[in-house]
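Just so you know, all these numbers are worked out from the coordinates, no wet-lab data involved. Nothing here was measured: the structure is a model prediction, and the numbers come from that model. Cβ coordinates were reconstructed from backbone atoms using ideal geometry, including for glycine residues, and neighbour counts include every protein chain displayed.
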Amino acid sequence: MAQAMVNFRMDADLKKRMEAVCDELGMNMTTAFTVFAKKMTREHRIPFEVSSDPFYSEKNMAYLREAQAQLESGDVVVKTLKELEDMEND
């Protein structure tokens, strides 16, 4: 079977972590990517679920940016857990 060279860029830390996992599994990254390519080609799909973490939605990120701005400006109210529970019971 003829071999073809495939090159792409990846974050250095991600590469290092992937190499460690591959090593634990007794393979190298070339073998891991070949397994992925064969499964994808055979099934005509990405062989795992691809989804976004809803935590990073634009709505949540906007809320977090606003909360951070409030903290930085000192525009916050501090309550103890007991105080919050008492507010809920009122």
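Some observations on this one:
- Filter pass, residue 21 being exposed (fewer than 10 other Cβ atoms within 10 Å of the Cβ), without any contact (Cβ under 8 Å) to a residue 24 or more places away in the chain and β-branched (Val, Ile, Thr): no
- The stretch 1-53: number of residues that are in a helix (DSSP H, G or I) and touching a helix residue (DSSP H, G or I) at 6+ places or on another chain (Cβ under 7 Å): 5
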